[in-house]
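Data first, discussion second: the structure below is written as structure tokens.
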Amino acid sequence: MFMGDRRLLAIVSCFVWVVVCSGKETKRPNFLFVLVDDQSPFDLKVYNPRSSLDSPVIDRIASEGMVFDGAYHMGSWAGAVCTPSRHMIMSGRTVWHLPRRGSRKQEADSSQSLAPSDLANNTMAAVFNRAGYDTMRTCKNGNSYAAANEKFTVSRTATKRGGTKETGSAWHADQVLDYLNGRKSDAPFLIYLGFSHPHDTRDGTEDLLAKYGAVNHSDRGSLPRGNSRQPTLPVNYLPAHPFHHGHPKLRDEVSVSGVWERRDPRTIRNELGREFACDENIDRQIGRVLSRLESLGELENTYVIYTADHGMAIGRHGLQGKQNLYQHTWRVPLIVKGPGIESGSRAEGNVYLLDVLSTLCDLADVQPPVTNEGKSFQSVLEGESETIRDVLYGVYCGGTKPGMRCVKKGDWKLIKYDVMDGTVQETQLFNLRENPYEFLLEHHAPTVTHLMNSVPKGNQLNLAEDPRYAAKRQELEALLLSEQRRLDDPYRLWDQPQN
């Protein structure tokens, strides 16, 4: 063999080795997207060290991946906040650009919409089906995006909020395990593991209810039993919100079994115990799925995304439900582990749930659909940036109109209420670095301080009327209006220009 031939053979061999190795390195990742129903990030120790909730599997995901401190759902135009939230997750669309919603004029004319008529064909499962992925979903019935859900190749749907293996969260995990055990394909997979809990009715398993000192209370005429094992009251607990939240007869505020309209400490602590019992059971079920992925040799190449459709109050600020814009409810938990993500990392992010679709596409090297309006946070996951946007907007107008709006930039957050036919018009301004729990003057009342046993002193409160912060309020008022215009919010508040 001539020297030139040897040199050519060496080059060809090297090229083949690179191609083979590159093929291994670029094997497309799997995705396990875990969505729980109604969970404040502050339930979890990774966000709230004071929490008594045991969630070792979620803690492990956090220790092996990245925790987002600034993840939000954009908001809702309905009391069932999960409905627009899940539409946004599936489609990557902003809140006013979802099916059947638009300006007042467009709502009156169903032939018009700010959502494309074929949007379902550009939602999560449809996009990944076209990219050669196997797609599977399990979740609750209803309050979701049915047309998008139907695009999953395998879909097993049922609402499971009971306290047994067959009626609770184990059922959803069983569907995923059954799917994995029967899978013959070599294609990458996208699994959407949705749980029906901890949304009420929070019927936990007997052992976990006992652990958290809770009972499934169902008698309107009496208080639940007190128990020292129940979680302590939230640090920003109030026995009543200082003004009306703006949605009369709101189910979550008046009709939740075991709570109803009560906000006394015994009721709230018992309900938190029920919530934690459901949370820990979800944690166990996620652990079962992760163990199976590990035994199949798939876990190392799987991105695990843990989040919730929105947060939840349960006594915080004197509220019970998800129809508010305080941090405990507007924020969501978001924890991601997977290839290339630094273990134990943390980032602000400034992400919305609607950013999930474009992020999954980027991680899989799949082109996001043209209908997508979200921003990929892959750069945050890879440690290249801390945030993907500067300004965040939130809305709730499922009750009286125009409703609530908020805007956040940096440490500063503005919330405005224009509800009850103009009889409630309130503005709140918080510095979240100084006042992360959004304490109000009412939190420092002697009776409330005694109940909570540990209201930090010296924190700033609502600064909206403080003349020292007039310029900051003006800045955020302008930002809010700018976001309303940009996002096609059809409403304006009492003190805003009506265009």
Filter result for ALA347 (more than 26 Å from ALA478 (Cα to Cα) and out of contact with any strand residue (DSSP E or B) (no Cβ under 7 Å at 6 or more places or on another chain)): no
Within the stretch 428-451, the residues that are hydroxyl-bearing (Ser, Thr, Tyr) and crowded, with 19+ Cβ neighbours inside 10 Å are TYR437
Looking at TYR192, TYR237, TYR179, which one is under 28 Å from ALA313 (Cα atoms), over 21 Å from the mean Cα position of the chain (by Cα) and modelled with pLDDT of 95 or more? TYR237
Taking the stretch 176-199, which residues are crowded, with 19+ Cβ neighbours inside 10 Å and over 15 Å from CYS139 (Cα atoms)? PRO188, PHE189
Evaluation of SER385 against (1) surrounded by fewer than 17 Cβ atoms within 10 Å (Cβ to Cβ); (2) at positive phi (one fails), failing number: (2)
Could you check the stretch 149-158 and list, in sequence order, the residues that are out of contact with any His (no Cβ under 9 Å at 6 or more places or on another chain), within 21 Å of PRO84 (Cα to Cα) and part of a loop (DSSP other than H, G, I, E, B)? GLU150, LYS151, PHE152
Given (1) surrounded by 24 or more Cβ atoms within 10 Å (Cβ to Cβ); (2) among the basic types (Lys, Arg); (3) within 25 Å of SER76 (Cβ to Cβ), index of the condition ARG269 fails: (3)
Among what's in the stretch 54-87 and is of a type in the set (A, V, I, L, M) and more than 21 Å from ALA347 (Cβ to Cβ), pick the residue that is surrounded by the fewest Cβ atoms within 10 Å (Cβ to Cβ). ALA78
Taking the stretch 174-199, which residues are under 15 Å from ASP279 (Cα atoms) and not in a loop (DSSP other than H, G, I, E, B)? LEU193, GLY194, PHE195, SER196, HIS197, PRO198
Residues being free of Cβ contacts under 8 Å to residues at least 40 places away in the same chain and under 24 Å from SER196 (Cα atoms) - total across the stretch 127-146: 3
Are any residues in the stretch 474-489 surrounded by 19 or more Cβ atoms within 10 Å (Cβ to Cβ) and more than 18 Å from GLY403 (Cα to Cα), and if so, which ones? none
Which numbered condition TRP171 fails, given (1) assigned to a loop (DSSP other than H, G, I, E, B); (2) surrounded by fewer than 21 Cβ atoms within 10 Å (Cβ to Cβ); (3) among the aromatic types (Phe, Trp, Tyr): (1)
Does ASP59 count as over 20 Å from HIS317 (Cα atoms), part of a helix (DSSP H, G or I), modelled with pLDDT of 95 or more and among the acidic types (Asp, Glu)? yes
Please go through the stretch 269-291 and give me each residue that is of a type in the set (Val, Ile, Thr) and within 18 Å of ASP203 (Cβ to Cβ), ordered by number. ILE282
Residues of the stretch 393-408 being of a type outside the set (Ser, Thr, Tyr) and surrounded by fewer than 21 Cβ atoms within 10 Å (Cβ to Cβ), in sequence order, are GLY399, LYS401
Unique residue being surrounded by 21 or more Cβ atoms within 10 Å (Cβ to Cβ) and either in contact with a helix residue (DSSP H, G or I) (Cβ under 9 Å, 6 or more places away or on another chain) or farther than 30 Å from LEU429 by Cβ (or both) when the list is ASN227, ASN324, ASN301: ASN324
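A quick yes/no check of all residues on (1) closer than 28 Å to GLU438 by Cβ; (2) touching a strand residue (DSSP E or B) at 6+ places or on another chain (Cβ under 9 Å); (3) modelled with pLDDT of 95 or more; (4) exposed (fewer than 14 other Cβ atoms within 10 Å of the Cβ):
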| site | (1), (2), (3), (4) |
| --- | --- |
| GLU206 | no, no, yes, yes |
| HIS245 | yes, yes, yes, no |
| GLU253 | yes, no, yes, no |
| GLU261 | yes, no, yes, yes |
The conditions are (1) out of contact with any Lys or Arg (no Cβ under 7 Å at 6 or more places or on another chain); (2) closer than 30 Å to TYR133 by Cα; (3) of a type in the set (Phe, Trp, Tyr), and TYR192 fails exactly one of them. Which is it? (1)
Within the stretch 247-267, the residues that are in a loop (DSSP other than H, G, I, E, B) and hydrophobic (A, V, I, L, M, F, W, C) are LEU250, VAL256, VAL259, TRP260
Keeping to the stretch 417-456, report how many residues are at positive phi and in contact with a His (Cβ under 6 Å, 6 or more places away or on another chain). 1
Extreme residue, surrounded by the fewest Cβ atoms within 10 Å (Cβ to Cβ), among residues of the stretch 327-348 that are more than 30 Å from ARG263 (Cβ to Cβ) and in contact with a Lys or Arg (Cβ under 9 Å, 6 or more places away or on another chain): SER343
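The values are calculated or read from the model by the stated rules, or taken from the named source; none is laboratory data. All values reported here derive from a predicted model rather than from experimental measurement. With ideal geometry, Cβ positions are generated from the backbone for all residues, glycine too; neighbour counts draw on all protein chains shown.
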